[in-house]
Amino acid sequence: MRAVEQVLLHCGADWKGKKLMIDIDNKAVVHGLSNRTIRGGSMQVLQRWLLLATEWDLELDARWIPTKNNALADVLSRRETNRIADLAPQLVHPKSGLPASGF
């Protein structure tokens, strides 16, 4: 949930007025977004999602996908750096265009 929150915080304004389909591998979160309620501490995060969506006129929709089909997002949300490097080395060691620019 925190990963989606960060995406909304950083990119939400760019998507103003759009419908976002969020692939989530947690059935409880998908259910929570669909029903606009979830139990426990996650409710605060869900409320922030909904406030951000309201601020930028976003329609949020979620669909459940199996974790095996969402491996990169799963390790990113858990901050498992070794597995991130295995699945997407470009995220850990991005290539920079600076040398080509003379820097």
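Among the residues of the range 7-18, how many are loosely packed, with under 11 Cβ neighbours inside 10 Å and either within 14 Å of the chain's Cα centre (by Cα) or closer than 9 Å to Asp57 by Cα (or both)? Residues flagged as loosely packed, with under 11 Cβ neighbours inside 10 Å and either within 14 Å of the chain's Cα centre (by Cα) or closer than 9 Å to Asp57 by Cα (or both) within the range 7-18 amount to 3. Of all residue pairs spaced 6 or more apart or on separate chains, those with beta-carbon atoms under 6 Å, a first member in the range 67-80 that is farther than 15 Å from Glu5 by Cα and a second member that is of a type in the set (D, E, K, R) and not in a helix (DSSP H, G or I) are Thr67/Asp25; Asn70/Asp25.
Close contacts from the range 10-29, counting a first residue that is modelled with pLDDT under 90 and a second that is of a type in the set (Lys, Arg), with Cβ to Cβ under 9 Å and a gap of 6+ residues or different chains, come to Asp23/Arg63; Ile24/Arg63; Asp25/Lys68. Taking each residue of the range 42-60 that is at negative phi and looking for partners that are polar (S, T, N, Q) with beta-carbon atoms closer than 9 Å, six or more apart or interchain, yields Met43/Thr37; Leu46/Thr37. Residues in the range 19-49 that are within 15 Å of Leu60 (Cβ to Cβ) and of a type in the set (Lys, Arg) were compared, and the one that is farthest from the chain's Cα centre (by Cα) is Arg36.
Could you check, for the range 68-76, whether at least one of its residues is assigned to a helix (DSSP H, G or I), under 27 Å from Leu91 (Cβ atoms) and touching a Ser or Thr at 6+ places or on another chain (Cβ under 8 Å)? Yes.
The values are calculated or read from the model by the stated rules, or taken from the named source; none is laboratory data. The structure presented is a predicted model; accordingly, all values stated were derived computationally and were not measured. A quick note on method: Cβ atoms are made from the backbone with ideal geometry, for glycine too, and the neighbour counts reach across all protein chains shown.
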